[in-house]
Amino acid sequence: MTTIATSITDLIGHTPLLELQKYSTNRGLRARLLAKLEYLNPLGSVKDRTAWSIIRQAEESGALQPGGTIVDVTSGNTGISLAAIAARHGYRTKFYLSDNISPDKITLLQAFGADVVTVPNVNFADPPFLATLVERIRTENPDAYFTDQLANPANPQAHYSTTGPEIWADTDGQVDILVTGVGTGGTVTGTAKYLREHNPDLQVVLAEPGLGSLPTEENPYPHEIDGVHKVTEVETEYLPDNFDPAAPTEVIALETADARTAAQALAAEEGLLIGTSAGAITWVATQLAQRPENAGKTIVAVLPDSGERYLAAGTFATASAQTDGRVPQPA
Ligand code: PMP
């Protein structure tokens with residue numbers, strides 16, 4: 001049997017679980033903390049699973065025709081995954097993004113040939129805006145295939161059929177607590193559904209951005225936890241269709257500074273470079289691992305992407321950086 005892949009899509013999934021041993025020992029954590037490293041997908045994020053599931057189903061149903069155009073609204077990672085698979089399969093792509101998006105992500109989208117349209121970030125602070133934007137996308141691109149990651153069932157289905165089973169198999173069914181964030185809700189809805197079918201007592205905990213990390217009229221460009229949204233105190237009609245509000249047993253809010261602290265700690269202590277939402281999920285998992293009632297339990301934290309996507313955003317900028325004089329200093 002050959003093990004040579006013939007398309008990037010052959011390389012999606014089967015990401016490893018890494019026990020955060022040194023990080024846990026340094027903090028005296030009582031639970032076993034396992035990180036699922038989604039940045040090891042070929043396009044560098046958990047969204048490879050979603051993008052491939054959506055494109056595959058659209059090809060099978062005939063909704064996506066050869067040479068067609070794919071459009072969606074994305075915080076970057078879904079677009080990057082869709083654009084790369086589209087390049088391999090011969091489709092064009094066009095994405096609508098907030099104008100606060102990490103510059104690294106825009107460059108990646110363009111590398112795969114995507115057209116990029118930016119929208120003022122503050123608009124996203126107003127929940128009804130998203131529906132207006134979706135309407136605009138459909139009007140401006142009448143012949144395109146709108147992937148609709150917020151509502152397309154192929155999104156949670158990808159996690160039900162891959163992420164969940166991988167966690168179950170790799171832990172030998174020893175998983176007590178799942179920690180994620182919610183962008184579209186695909187990860188938590190699909191993964192929790194599969195794991196609960198095997199362990200009805202599974203706890204599911206979400207990391208959500210605190211009020212200081214969300215755009216407002218007064219502060220339209222705060223440091224944000226890219227890719228994840230607030231889900232508590234949001235009217236049901238404004239939650240993504242792909243988010244099952246019954247999936248979480250608990251939601252813990254935190255600010256971007258906390259998420260960055262956790263991401264920096266994993267870089268410094270484990271040599272692991274993770275993104276901001278992954279930092280947020282790690283921060284929440286750490287709180288859970290410190291609780292006496294969780295002693296001896298296994299926590300799986302699904303870490304969506306790599307810190308390399310947020311270098312320009314300053315996630316790893318620390319006061320301790322030193323220079324021998326060769327590195328140009330900011331003016
Ligand atoms: N973190 C990052 C960096 C993401 O790009 C996303 C997807 N937008 C998520 C978390 C959330 O994943 P999901 O859409 O499956 O809820």
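No lab work stands behind these numbers, since they all come straight from the coordinates. Please read all numbers here as calculations on a predicted model, not as lab measurements. Neighbour counts run over all protein chains shown; Cβ positions are idealised from the backbone, glycine included.
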### Task
Search the structure for amide H atoms under 5 Å from the amide H of Val116, placed 1.01 Å from N in the peptide plane, and list their residues when 5 or more places away or on another chain.
Phe95
### Message
Using each residue's phi in region 162-172, evaluate 6.51 cos²θ - 1.76 cosθ + 1.60 at θ = phi - 60° and report the 3J(HN,Hα) Karplus result to the nearest Hz, with x for Gly and Pro.
### Response
10, 4, x, x, 4, 5, 4, 5, 6, 9, 6
### Query
Roughly how big is region 47-146's charge dipole about its Cα centre, with Cβ charges of +1 (Lys, Arg) and -1 (Asp, Glu), in debye to the nearest 20?
220
### Query
How much length is gained if the chain between Thr232 and Glu217 is pulled fully straight, taking 0.36 nm per residue apart and subtracting their Cα-Cα distance, in nm to one decimal?
3.4 nm
### Summary
In this structure, the FRET efficiency calculated for Gln287 and Gln65 from their beta-carbon separation, with R0 = 45 Å, to the nearest 0.05, is 0.40
## Note on the structure
Computed for region 121-272: size of charge dipole around the Cα centre, +1 on C-beta of each Lys and Arg, -1 on C-beta of each Asp and Glu, debye to nearest 20, value 240
